[in-house]
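Got a structure for you, questions after.
The values are calculated or read from the model by the stated rules, or taken from the named source; none is laboratory data. Since we're looking at a predicted model, the values are computed, not measured. Don't worry about glycine lacking a Cβ; one is built from the backbone with ideal geometry, like all the others, and counts go over all protein chains shown. Just the protein is used for accessible areas: all its heavy atoms, side chains included, with ligands, DNA and RNA removed. Shrake-Rupley method; radii C 1.70, N 1.55, O 1.52, S 1.80 Å.
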Amino acid sequence: MKAVEPVVVVIDDDPSVREALQGLLETAALAVELYASPGEYLQRKQIDAPGCIILDVRLRGSSGLDFQRVLARAGDRTPVIFLTGHADIAMTVQAMKAGAVEFLTKPYRDQTLLEAVLLAIENDRARRESDEMLANVRQRLEFLTPRERQVMVLAASGQSNKQTAGTIGVGDVTARVHRRQVMRKMQARSIAELVRIVEMLTNHGIKL
Amino acid sequence: MSLTDREKEQLKAMIDAGEPMPARYRAVLFAEPHEAEPNSPGKTGEATDALRESERRLQLVVGAAPNAMVMISRTGEIVMVNAQAERVFGYSRAELMGQPLEMLVPERFRGHHPGLRATFFVDPRPRPMGAGRDLYGLKKDGSEFPVEIGLNPIETDEGTMVLSAIVDITERKAAELALRESEQRYSVLVDGVTDYAIFMLDPNGIVTNWNRGAERIKGYRAEEIVGQHFSCFYTEEDRAANVPQHALEIAARDGRHEAESLRVRKDGSRFWANVVIDAIKDDDGQLIGFAKITRDITERVEAERAREEARIAQSQSQQMEAIRLVIDTIPALVWSALPDGSVDFVSRRWLEFTGLSTEQALGWGYTAAIHPDDWERWLAQRPGRASAGVAFEEEIRFRRADGEYRQFLTRLTPLHDDSGNIVKWYGTATDIEDRKRAEALQAELARVARLMTMGEVTASIAHEIIQPLSATVTNGNTCLHWLEDKTMDLAKARSAVTRAVRDAERATDIIRRIRALMTNSETEKVEVDMNGIVTEVLALTHNELLKGQVSVNTALAATLPPVFGDRVQLQQLILNLIMNGIEAMASVAGRPKELTIETRAEAADHVLVLVRDSGVGLNPEQADQIFDAFFTTKPEGTGMGLAICRSIVEAHDGRIWASAGSPHGAVFQFTLPTDAVS
């Protein structure tokens with residue numbers, strides 16, 4: 001897995017705020033993209049890099065909370081850090097429920113913002129890796145025959161080849177061949193790794 | 001027979017004197033002239049002439065006598081009758097002459113008539129016949145008639161004869177009978193009348209007789225009252241007014257006097273009487289007394305009075321019904337109260353609204369339907385109102401039957417008697433709860449709208465200012481970062497500071513812009529009377545003041561020079577100060593909530609307005625800060641009200657300041673230059 005440079009997106013209609021944030025984020029050697037409105041951001045070419053969005057809740061034309069929903073619908077799961085002139089509890093709760101990482105009230109402490117940004121980037125990177133892994137596993141899953149899927153589930157549940165043979169009504173040798181095929185196709189180096197793969201798939205609601 | 005001269009003289013005198021004639025002259029006197037003429041030979045010429053003369057005269061007398069005359073002999077034969085006798089008895093002379101007298105006597109008396117006749121002849125002297133007995137004559141046609149008979153013995157040659165003078169007394173008898181019957185009837189009538197008092201008075205008013213009715217009605221027995229003056233039947237008042245005498249005078253003058261008035265019985269009790277007094281006069285028109293008839297008409301009068309009272313009562317009750325209908329129809333509670341505050345009437349609506357019965361409501365029971373707080377206030381104000389004695393109105397909460405209190409605009413109007421004392425209070429109460437609620441809602445809406453507006457303005461201002469400020473802070477921090485030894489980058493530090501300066505300037509700009517927005521927005525400056533503004537705004541805030549239970553004192557200068565300013569802004573200024581005062585007193589308890597507003601001319605070219613409250617007050621530091629935006633001592637305050645006040649005052653080239661009140665509260669004062677300066 002190659003390490004991609006993270007990008008921090010700042011969406012604020014106030015150029016002063018945008019520029020100040022850019023200057024601050026640069027002190028942490030972070031790449032920054034500035035947008036005056038959510039619309040501008042949505043039109044930009046998608047970059048496959050970990051990052052986060054710093055968003056002013058009280059934007060002209062649309063509220064930050066609305067934008068959060070738009071992002072979710074577009075499948076953009078970049079974490080959002082909210083900045084607001086005046087926080088109110090209801091708004092904070094709503095934003096956090098919708099997946100906001102942090103909700104900061106202006107004037108914020110720079111260190112707090114930077115920490116929130118770095119944490120958000122780290123979370124995003126982890127999520128992206130996990131997403132990538134899941135995508136790979138699902139791709140591999142496509143190569144299994146139905147019988148091999150059955151064997152994979154039984155093996156991951158801890159059955160021996162003999163037991164599997166009994167369960168599916170084949171000979172011991174046949175069962176062993178199936179398992180070997182499963183391990184190869186799923187690129188599992190051990191039964192333990194196969195168990196993790198099956199768990200990941202199950203956790204993401206994929207039927208086996 | 002012959003008469004001597006002396007005898008002739010004697011006879012003549014007797015006849016002239018009407019005395020009984022001696023019997024011996026009979027033949028001379030009563031012999032039929034035509035029979036006597038041939039039967040009188042041998043009479044001396046003189047005597048015969050004298051006798052004849054005498055007889056003729058007697059015959060003339062007898063013949064002309066108005067009474068029937070019959071002469072009988074001792075044996076009872078009729079020897080002479082006159083024309084009157086013929087007419088009375090219906091016989092002719094020829095039929096009577098020589099017949100027994102008894103043929104003229106009814107049969108039932110004939111038996112002892114001869115005996116009576118014989119008795120008369122024993123001692124013959126002139127006398128009326130049949131003393132004490134009723135005598136009757138019998139006519140030829142067999143009918144009887146009452147008679148009076150006078151008997152005169154007359155000596156004649158053939159012995160003593162009787163001359164009977166017979167008077168037909170049929171008419172007299174009938175008249176006597178009629179009179180007797182009439183008197184009897186009258187007596188029976190008068191005496192038997194018990195319903196009327198009938199009595200006689202002499203011309204002086206002294207009672208002379210008394211019937212049973214009089215006894216029954218007046219209570220006096222005849223022996224008690226006869227001889228007394230009739231004025232004792234009159235009331236003392238009437239006697240004093242000389243009514244009895246007056247009645248007699250009228251009766252004497254007009255013949256009759258009638259009156260209906262009160263009379264007095266013996267026992268002193270009074271009764272309604274109809275009294276008729278008739279004057280009684282004799283044939284010469286001389287007053288001989290009065291007949292007085294008194295009827296007890298108490299029952300009639302009382303019946304009439306009862307009828308009249310019933311009629312009046314009915315008419316009154318009809319009027320009352322009409323009034324009640326009106327009262328029950330008007331959409332208000334209506335009642336009346338005595339000066340002591342007890343209620344003596346409540347309308348049907350009153351009862352329906354409160355759910356109380358009339359018995360429960362009257363007297364002091366109605367207080368149960370009044371909110372205790374309002375009742376306490378009402379009681380406290382009562383003495384002042386009673387002494388003022390003028391109509392007033394107040395808002396009172398009445399309890400509805402379901403227990404809910406509703407606000408009523410209550411008006412009371414006093415009714416005074418002639419000497420100015422209050423005899424009654426008339427009250428009406430109109431349900432203004434819905435109106436009140438609507439007003440409260442409106443006021444609340446207005447307040448919320450104001451708060452929202454203020455909130456939005458605040459948020460907007462905050463956002464506007466916080467943006468550049470937070471950018472400034474960030475830029476400052478960024479700069480610090482690039483100035484650190486490890487990361488020293490002067491170009492970047494400079495860039496950050498440049499941005500910080502720019503942003504700070506921008507923040508200043510924003511503030512300047514907001515202030516400009518507040519003070520210079522579309523002002524239209526005209527001449528304004530601050531007294532007028534104060535009065536208008538007090539009217540506008542009437543409900544808030546009431547709701548806050550704040551009493552207002554104003555001391556407005558009699559003459560105040562106008563200021564030159566924006567009317568709406570100056571109203572806003574006063575409004576904010578008043579609202580500030582009301583809010584400052586909201587939590588005050590245990591002392592009156594008083595708001596005082598004064599205006600006066602200040603230093604020849606300024607007007608000063610002072611607003612003093614008795615609220616929570618302020619300390620000296622607060623007095624300096626209180627006009628700053630966002631500064632507030634109130635939990636729900638926006639901190640903008642007084643800031644706006646200052647903006648407005650300064651926009652008008654005035655000055656505003658605050659100080660602590662003594663002993664409580666706060667004093668806000670501002671001065672504005674007068675027109676002359678501007």
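Can you run phi through the Karplus equation (6.51, -1.76, 1.60; θ = phi - 60°) for region B:322-331 and list ³J(HN,Hα) in whole Hz, with x for Gly and Pro?
Values, residue by residue: 4, 5, 4, 4, 4, 4, 6, 8, 5, x Hz.
Taking amide H positions as placed 1.01 Å from N in the peptide plane, with prolines and chain starts having none, which residues 5 or more places from residue B:169, or on another chain, fall under 5 Å of its amide H?
Sorted by chain and number, the residues that satisfy this are B:147, B:148.
Partner chain Cβ atoms within 10 Å, averaged over the residues of A:109-115 - can you pull that number for me?
Numbers: counts 3, 8, 1, 0, 2, 2, 0.
Mean inter-chain Cβ contacts per residue within 10 Å come to 2.
For region A:114-128, what does the Karplus curve 6.51 cos²θ - 1.76 cosθ + 1.60, with θ = phi - 60°, yield as ³J(HN,Hα) per residue in whole Hz, taken in order and with x for Gly and Pro?
4, 4, 4, 5, 4, 5, 4, 5, 4, 4, 5, 4, 4, 4, 4
Could you state how much accessible area is buried at the A-B interface, both sides summed, with a 1.4 Å probe, in Å² to the nearest 100? Write out the running numbers ahead of the final one.
Values: alone 11860 and 37640 Å², together 47890 Å².
Protein heavy atoms only, the A-B interface buries about 1600 Å².
Separate question: Please compute, for peptide A:101-108, the average count of beta-carbon atoms on other protein chains lying within 10 Å of each residue's beta-carbon.
Details: counts 0, 0, 0, 1, 2, 9, 8, 3.
That works out to 3 on average.
If we count every other residue with Cβ under 13 angstrom of residue B:423's Cβ, Lys/Arg +1 and Asp/Glu -1, where does the sum land? Intermediate values should be presented prior to the final figure.
Details: positive: B:424; negative: B:340, B:344, B:417, B:418.
The answer is -3.
Could you work out what % of the accessible surface of the protein assembly as shown is carbon and sulfur, using a 1.4 angstrom probe and leaving DNA, RNA and ligands out of the count? Mind dumping the intermediate values first?
Values: 25670 of 47890 Å².
Accessible surface attributable to carbon and sulfur in the protein assembly as shown totals 54 percent.
Moving on. Distance between Cα centroids, region A:93-123 to region B:140-169: provide it in whole Å.
A separation of 175 Å, based on Cα centres.
Filter B:218/B:281; A:45/B:486; A:106/B:525; A:162/A:185 down to the pairs with a C-alpha to C-alpha distance above 30 Å, please. Present the calculation step by step, with values, prior to reporting the outcome.
Values: B:218/B:281 26 Å; A:45/B:486 36 Å; A:106/B:525 41 Å; A:162/A:185 21 Å.
Over 30 Å apart, Cα to Cα: A:45/B:486; A:106/B:525.
Test of understanding: what is the full-extension gain from residue B:155 to residue B:228, defined as 0.36 nm times their sequence separation minus their Cα-Cα distance? Each step should come with its number before you reach the end.
Working: separation 73, 0.36 × 73 = 26.28 nm, distance 6.29 nm.
The span from residue B:155 to residue B:228 would gain 20.0 nm if fully extended.
If you don't mind, there's one more thing I want to ask. Using only C-alpha positions, report the orientation-averaged shadow area of the convex hull of region A:68-142, nm², one decimal. Display every interim value, and only then the final one.
On the way: hull surface 23.4 nm².
The orientation-averaged projected area of the Cα hull of region A:68-142 comes to 5.9 nm².
Next up: Ordered by packing density, taken as the mean number of other Cβ atoms within 10 Å over each peptide's residues, highest first, how do B:586-596, B:279-289 rank? Numbers along the way, then the final one.
Details: B:586-596: 14.4, B:279-289: 11.8.
The packing order, highest mean first, is B:586-596, B:279-289.
Still on this structure: Sequence-distant or interchain residues sharing an amide H contact under 5 Å with residue A:54, placed H: which?
Close amide H contacts, sequence-distant or interchain: A:9, A:10, A:11, A:81.
Then there is this: Loop only per DSSP, at most 13 neighbouring Cβ atoms within 10 Å: give me the GluC sites (Glu not before Pro) in region A:113-208, ordered by residue number. All intermediate terms of the calculation are to be shown ahead of the outcome.
On the way: sites: A:115, A:122, A:129, A:132, A:142, A:148, A:193, A:199; in loops: A:142.
Filter output for region A:113-208: A:142.
Identify the trypsin sites (Lys or Arg not before Pro) of region B:195-228 meeting these criteria: DSSP loop state and at most 15 other C-beta atoms within 10 Å of the C-beta.
Values: sites: B:212, B:216, B:218, B:221; in loops: B:221.
For trypsin sites (Lys or Arg not before Pro) across region B:195-228 that sit outside H, G, I, E and B with at most 15 neighbouring Cβ atoms in 10 Å, the list reads B:221.
OK, next. Return the long-range amide H neighbours of residue B:424 (sequence gap of 5 or more, or a different chain), with a cut-off of under 5 Å between placed amide H atoms.
For residue B:424, the qualifying residues are B:415.
Same structure again: Summarise the partner chain shielding of B:477-483 as one whole number: the mean count of Cβ atoms from other chains within 10 Å of each residue's Cβ. Before the final figure, lay out the partial values.
Values: counts 9, 10, 2, 2, 7, 3, 0.
Per residue, the average neighbour count from other chains is 5.
Return the sequence-ordered ³J(HN,Hα) values of region B:267-281 in whole Hz as given by the Karplus equation 6.51 cos²θ - 1.76 cosθ + 1.60 applied to θ = phi - 60°, using x for Gly and Pro.
Calculated HN-Hα couplings, in order: 7, x, 6, 10, 8, 7, 10, 9, 10, 10, 10, 9, 7, 10, 10 Hz.
Going Cα to Cα from residue B:140, which aspartates and glutamates come in below 14 Å? Please leave out same-chain ones fewer than 8 positions away.
List returned: B:86, B:95, B:102, B:107.
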